[in-house]
Amino acid sequence: MASIDTEVPALLLRLDGNPFHHGTLGAVRTLGRAGVEVHVMLDEPAGPVLSSRHLHRAHRRPAGASADHTRLLGELRRTAALIGRRAVLVAMDDRGAIAVARLAGELADHYLLPSIPPGLPEQLTDKSELALLCARLNVPHPVTRLPGSATEAATALEELGGRAVAKWVRPWLLPPGSGLRGTSLVPDAATAARLFTAGTPAGSRLLLQQLLPAHGTDWFFHGCFDRHGRFLAGGTGVKTRSWPPRAGLTAVGRWVPNRELTALACRLAADLGYHGILDLDFRHVDGGYHLLDFNPRPGAQFRLFTDAAGTDVVRAHHLDLTGRPVPPGRARPGRLLVVENYAAVALLTPASGTRPAPAGSRPTPSGGRPAIEAAWFAADDPMPFLAVLGTLARRLWH
């Protein structure tokens with residue numbers, strides 16, 4: 001195991017209000033197991049992550065602070081004073097990544113942060129800006145339309161072949177309870193027009209994106225980069241199940257080494273001058289890897305890429321920001337990540353799976369069965385899993 005500096009605590013920041021974000025629990029566990037004092041700042045009064053034995057303390061974020069950077073700055077400074085020493089600050093969602101980058105200059109005395117341009121995370125998470133960026137950097141990207149009216153949305157759908165993927169230009173602006181998903185399939189013109197109208201009061205414009213062929217393979221890349229653009233940790237994987245089908249979150253993912261995709265991701269990070277953790281989603285069709293999303297923070301499934309020494313992108317980030325070396329680790333291809341609640345539904349839905357990776361790139365794990373990383377269950381930390389089961393049982397009962 002890399003020699004992590006246990007004298008430097010960590011604060012995980014979540015601004016999107018999702019109490020069932022297994023990536024946050026994964027970050028709590030990986031740092032806590034390494035001996036780091038782990039704090040979280042979030043606004044939910046309860047949730048599985050709060051029951052983890054690896055969590056040192058939860059700090060409640062006041063309502064409204066997520067949208068007000070001045071208030072958030074004050075809360076982060078107050079939390080730094082409670083922690084009592086400089087901590088590594090890790091944003092676990094897009095809105096948090098945008099805010100931390102904007103406030104980095106004013107937070108530098110309180111937190112250890114990656115050095116990136118203040119506006120870069122906002123540019124990367126804005127779906128229309130990402131399309132322009134891909135064109136400039138010669139990275140394949142689905143054909144994208146940004147309609148200006150409900151009528152234009154219906155027309156754009158026809159131009160894209162009658163079906164498309166709907167995304168919101170700035171999905172972090174969608175209010176809780178709006179019923180709008182960050183990504184969804186649009187089967188007809190009426191749905192496209194309805195979504196456009198719904199997005200107007202929600203504060204984010206509708207974007208329609210070419211629906212790439214279903215025979216394509218959905219890949220993801222997770223990586224941690226130092227300030228010089230060197231790739232420190234991470235890997236490439238394939239979605240074998242997703243929920244909702246074809247346009248949703250990873251329900252089951254497999255670690256599949258892919259040198260071509262890794263080289264593309266590293267080139268993209270170098271061209272952007274990116275420092276820190278990123279999560280990229282691709283679909284492989286017609287011989288090319290099309291970038292679907294760029295998340296400037298840890299992806300929820302980052303624990304899939306845990307090497308033989310226990311290092312993942314979050315631990316590597318802590319090592320990097322505290323001046324510790326990140327030793328090269330032995331990869332564990334074939335590992336599976338299973339998100340229990342999504343996988344259970346996806347396995348019952350035949351259309352929810354994606355096609356496997358090409359036969360030549362599928363590893364054969366030594367020793368037979370692949371190692372499985374569960375999102376919620378852990379033998380050394382069972383309470384979050386029990387909390388998830390309890391919540392699901394209550395929902396089914398009612």
Top-ranked residue in region 251-261 [being touching a strand residue (DSSP E or B) at 6+ places or on another chain (Cβ under 6 Å) and within 13 Å of H222 (Cα to Cα); ranked as surrounded by the most Cβ atoms within 10 Å (Cβ to Cβ)]: G253
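With the condition being over 28 Å from N18 (Cβ atoms) and polar (S, T, N, Q), I'd like the helices (runs of 4 or more DSSP H) fully within region 112-228 carrying at least 1 qualifying residues.
On the way: elements: 120-125, 127-137, 150-159, 189-202.
Helices (runs of 4 or more DSSP H) meeting the threshold: 150-159.
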Complete set of residues in region 69-111 that are out of contact with any Phe, Trp or Tyr (no Cβ under 8 Å at 6 or more places or on another chain), at pLDDT 95 or above and either among the polar types (S, T, N, Q) or part of a loop (DSSP other than H, G, I, E, B) (or both): T79, G84, R85, M92, A108, D109, H110
Filter result (of a type in the set (S, T, N, Q), at pLDDT 90 or above and crowded, with 19+ Cβ neighbours inside 10 Å) within region 51-68: S52
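Which of the residues belonging to region 9-20 are assigned to a loop (DSSP other than H, G, I, E, B) and open to solvent by less than 20 Å² (accessible area, probe 1.4 Å)?
First, pick out the residues of region 9-20 that are assigned to a loop (DSSP other than H, G, I, E, B): 9, 14-20.
Selection gives P9, R14, L15.
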Looking only at region 21-41, and only at residues there that are touching a Ser or Thr at 6+ places or on another chain (Cβ under 8 Å) and closer than 23 Å to P175 by Cβ, the one that is surrounded by the fewest Cβ atoms within 10 Å (Cβ to Cβ): M41
Every pair of residues 6+ apart whose Cβ atoms lie under 9 Å, when the first sits in region 127-149 and is touching a residue at least 60 places away in the same chain (Cβ under 8 Å) while the second is surrounded by fewer than 18 Cβ atoms within 10 Å (Cβ to Cβ) and small (G, A, S): P140/G288; H141/A135; T144/S128; L146/S128
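The values are calculated or read from the model by the stated rules, or taken from the named source; none is laboratory data. All values reported here derive from a predicted model rather than from experimental measurement. All Cβ positions, glycine included, derive from the backbone under ideal geometry; neighbour counts span all protein chains shown. Side chains included, ligands, DNA and RNA excluded: accessible areas come from the protein's heavy atoms. Shrake-Rupley method; radii C 1.70, N 1.55, O 1.52, S 1.80 Å.
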